[in-house]
Amino acid sequence: MRTGLLRSTIVALTSATVTAVSPLAAEPLMLRGYNAAIGESSVSGISSGAFMAVQFGTAWSSVIKGVGVIAGGPYWCAKADADDFISGFTLPIMTATGSCMKGPPPDLNIFIAKADAKAASGDIDPLDNLRRQKVYLFHGTNDAVVAKPVTDAAADFYRHYLGDGNRGNLYYQSAVGAGHSLVVRQQPDINGLNNCADNQGPFIDQCGYDQAGIILQHVYGALNPPNRGQLTGTMQRFDQSVYSRPDDTSALSLGDTGFVFVPKDCADGEACRVHIALHGCKQDAGDIDRKFIDDTGYNSWADTNHLIVLYPQTSSSSFAPFNPQACWDWWSYVNHEDSYVTKSGAQIKAIKAMLDALTAQAAPVTAPAVSPDAAPTALAIVDTSDTGADIVWNPVRGATVYRVWRADAGDPFAAISDVAGPSFGDSGLKPHSVYRWRVAAVINGAEGPVSIEATASTLFTPAPCDTPGTCPIAR
């Protein structure tokens with residue numbers, strides 16, 4: 001494959017986001033530990049970052065609570081393996097820029113078999129852990145870079161491991177008219193953001209859709225409103241070479257400097273959680289400065305919700321490894337082996353070392369007192385698609401299971417599912433229809449009081465459109 005064509009196809013795997021942040025620390029530094037339980041961590045990414053989020057969340061499923069996949073595909077999609085030396089290691093990048101972008105992706109059973117084999121060998125965590133993960137997936141109807149069947153395959157990968165009993169842990173939004181991008185609300189005060197249907201840098205599209213907030217609430221349940229003003233937390237630089245050892249960052253196509261946003265409450269020692277936000281190709285700080293770091297919306301939500309946000313950084317590399325667009329390694333450009341999707345993958349190891357550092361001072365977690373007579377509060381529908389709804393609420397102390405009730409506009413309520421954790425991705429709904437929901441905690445097998453109801457309408461099903469980038473964007 002010619003270098004020019006390779007570069008032009010790789011550039012497509014891009015993404016970004018936008019919000020204001022506090023001043024940077026003056027010098028790069030090592031990450032300090034916070035009172036953040038590692039088992040409460042989560043990860044999300046856009047495009048190449050989405051593929052890495054799937055890889056990281058699957059490899060380390062024992063500690064990752066939830067995964068956000070924006071314009072990404074399934075585990076091991078590029079099928080890179082040491083045997084690819086026969087083709088000069090060109091086959092994985094051809095698969096990555098071919099069927100893993102344009103679709104249809106290879107047979108899903110191939111990805112499942114690889115994950116099963118890696119779990120059986122101990123190279124990744126047991127896949128039973130995926131049953132408890134909260135999973136958000138997104139494909140914009142104007143995405144001209146990654147085809148919908150690719151993200152559909154990621155959804156099917158997760159559904160396989162979630163099973164019918166945990167189907168409510170997954171929410172898939174595919175009815176928003178965004179281009180290939182991380183999607184944000186309208187932010188006229190920030191320069192350099194795209195219109196909703198755009199498929200170009202910085203790959204941050206304004207669609208009136210607060211994607212960061214929806215992801216975080218799908219993972220953690222109802223959150224406090226974001227801080228849209230001056231943030232009280234701080235953005236800090238750190239030296240990524242500390243976490244890539246024994247390799248140099250350049251050998252892994254990582255940037256020298258990473259970033260982390262730390263809310264004041266977390267800096268003061270209060271209990272917090274860590275979210276890892278992974279940029280896409282050409283979205284690293286070397287290419288778009290701090291747009292992904294500052295302007296995606298993650299920090300505004302983090303500032304008011306005890307969330308530390310880690311922003312690892314890649315860097316472009318023109319030779320050994322060949323990664324001219326600063327993508328995350330989802331086709332094994334670092335060492336051309338299949339370890340890139342496992343715990344021993346070079347970039348996965350570096351990110352995990354950063355996460356370990358941030359969670360090093362976690363206090364022991366004590367079980368909260370049970371509140372059997374409490375109803376879930378703050379029930380809200382944070383997003384709807386044409387056939388689904390994302391429902392969140394505040395957790396009830398001591399509850400791990402909740403019962404979700406649903407009704408059509410004028411019909412009586414019926415219990416539709418039990419779910420672990422304070423969010424539920426409803427599915428199989430009728431387009432452009434009104435629904436109501438209620439939720440109750442289930443403690444020791446007994447259902448507690450039911451919440452107040454929340455109402456929302458599903459969207460119209462997007463009209464067929466063969467030219468993404470020109471499709472209607474109305475919600």
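The values are calculated or read from the model by the stated rules, or taken from the named source; none is laboratory data. Model, not experiment: these values are computed from the prediction. Note that we place each Cβ from the backbone using ideal geometry, even for glycine, and neighbour counts take in every protein chain shown. Just so you know, the surface numbers come from the protein's heavy atoms only, side chains and all, with ligands and any DNA or RNA stripped out. Shrake-Rupley method; radii C 1.70, N 1.55, O 1.52, S 1.80 Å.
Before moving on, here are some points about what is shown:
- Residue 73 sits among other residues whose Cβ lies under 15 Å from its own Cβ, and their net charge, with Lys and Arg +1 and Asp and Glu -1, is 0.
- Accessible area ranking (1.4 Å probe, heavy atoms, ligands and nucleic acids excluded), largest first, for 107, 408: 107, 408.
- Charge dipole of the chain about the Cα centre (unit charges at C-beta), most positive-ward option of 249, 165, 271: 165
- A probe of 1.4 angstrom, applied to the heavy atoms of all protein chains, finds residue 337 with accessible area near 90 square angstrom.
- Computed label-point distance, nm, for sites residue 120 and residue 271 using a 7 Å Cα→Cβ extension: 4.0
- Estimated from helical segments only, the mean residue ellipticity of the chain at 222 nm is -6000 deg cm²/dmol, where each DSSP H run of four or more residues counts as -39500 (n - 2.57).
- Entry for volume of the Cα convex hull per residue in Å³ (calculated from the structure that is shown) out of (i) 138; (ii) 129; (iii) 341: (i)
- When each of the peptides 64-75, 234-245 is scored by how many other beta carbons lie within 10 Å of its residues on average, the order from highest to lowest is 64-75, 234-245.
- Residues in the chain average 37 Å² of solvent-accessible surface per residue, probe 1.4 Å, ligands and nucleic acids excluded.
- Partners of residue 343 within straight-line reach, counting aspartates and glutamates whose Cα lies under 13 Å from its Cα and excluding those fewer than 8 residues away in the same chain: 123, 125.
- The fraction of accessible area contributed by carbon and sulfur in the chain is 53 percent, rounded to a whole number (1.4 Å probe; ligands and nucleic acids excluded).
- Between residue 41 and 65, 274, the built amide H atoms are under 5 Å apart, and every one of these is 5 or more places off in sequence or on another chain.
- Measuring against 25 Å, Cα to Cα, the residue pairs 134/349; 79/118; 79/291 contain 79/291 as the ones spanning a longer distance.
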